[in-house]
Amino acid sequence: MTYDDNNIFAKILRGEIPCKKIYEDEYVLSFHDVNPQKKIHALVIPKGKYINLDDFNKNASEKEIVGLMKGISIVSKKLGISSEVAHGYRTLSNISEHGGQEVPHLHFHIFGGESVGKMVQ
Ligand code: DGP
């Protein structure tokens, strides 16, 4: 599978589609999910063109990998839900068909602001 430059998150990264930005640095962009499933539902995406976590772990640089992992904690702190400052949250990434991935640009969901319930339904 090759990366689709016209996926919605690629368009957000290029500034062609607006987003409610939470945080941005050299490695990541974070914004609120358009269709929130919990009180707080944010997305954290790498700036590089990676389809999913397997693609990312195979092809991204160590700096990009560290940047994305740290980005999740930075965003959770900014949102006031980090375990350092509050009650925590759930992060997950859907990978390909069985994972239920809809947008083919790697993203981590962050759910919080309330108890997020059972892990898998
Ligand atoms: P997934 O199923 O893991 O690929 O989740 C994709 C998520 O992306 C889904 O929760 C809805 C969100 N989403 C889709 N299109 C847009 C958009 O244009 N803007 C924002 N902010 N989120 C979007």
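Derivation of every value follows stated rules applied to the coordinates shown; laboratory data play no part. As the structure is a computational prediction, the values presented were derived from the model and not from experiment. Cβ coordinates were reconstructed from backbone atoms using ideal geometry, including for glycine residues, and neighbour counts include every protein chain displayed.
Can LEU79 be described as in contact with an Asp or Glu (Cβ under 9 Å, 6 or more places away or on another chain) and touching a residue at least 40 places away in the same chain (Cβ under 8 Å)?
No; evaluated as a whole, the condition is false for this residue.
Being surrounded by 19 or more Cβ atoms within 10 Å (Cβ to Cβ) and in contact with a strand residue (DSSP E or B) (Cβ under 8 Å, 6 or more places away or on another chain) narrows it down to one residue among ILE74, ILE81, ILE51; which is it?
Testing whether each residue is surrounded by 19 or more Cβ atoms within 10 Å (Cβ to Cβ) and in contact with a strand residue (DSSP E or B) (Cβ under 8 Å, 6 or more places away or on another chain) leaves just ILE81.
How about the stretch 3-40: which of its residues are within 7 Å of the ligand (Cβ to nearest atom), in contact with a strand residue (DSSP E or B) (Cβ under 8 Å, 6 or more places away or on another chain) and outside any loop (DSSP other than H, G, I, E, B)?
Those that are within 7 Å of the ligand (Cβ to nearest atom), in contact with a strand residue (DSSP E or B) (Cβ under 8 Å, 6 or more places away or on another chain) and outside any loop (DSSP other than H, G, I, E, B): ILE12, PHE31, HIS32.
Tell me which of these SER61 doesn't satisfy, since it passes every other one: (1) within 16 Å of the ligand (Cβ to nearest atom); (2) surrounded by fewer than 18 Cβ atoms within 10 Å (Cβ to Cβ).
(1)
Among the candidates GLU102, GLU114, single out the residue that is under 14 Å from the mean Cα position of the chain (by Cα) and loosely packed, with under 15 Cβ neighbours inside 10 Å. Talk me through it step by step, then tell me what you get.
Numbers: GLU114 fails: under 14 Å from the mean Cα position of the chain (by Cα).
Going through GLU102, GLU114 in turn, the sole match is GLU102.
Would the stretch 100-115 turn up any residue that is touching a residue at least 60 places away in the same chain (Cβ under 8 Å) and more than 16 Å from the ligand (Cβ to nearest atom)?
yes
So which residues in the stretch 14-34 are free of Cβ contacts under 8 Å to residues at least 40 places away in the same chain and either surrounded by 15 or more Cβ atoms within 10 Å (Cβ to Cβ) or more than 17 Å from PRO104 (Cβ to Cβ) (or both), if there are any at all?
Those that are free of Cβ contacts under 8 Å to residues at least 40 places away in the same chain and either surrounded by 15 or more Cβ atoms within 10 Å (Cβ to Cβ) or more than 17 Å from PRO104 (Cβ to Cβ) (or both): GLY15, PRO18, CYS19, LYS20, LYS21, GLU24, LEU29, PHE31, HIS32.
Take the conditions free of Cβ contacts under 8 Å to residues at least 12 places away in the same chain and of a type in the set (Asp, Glu) and apply them to GLU97. Does it pass?
Here the answer is yes, as GLU97 does meet what is asked.
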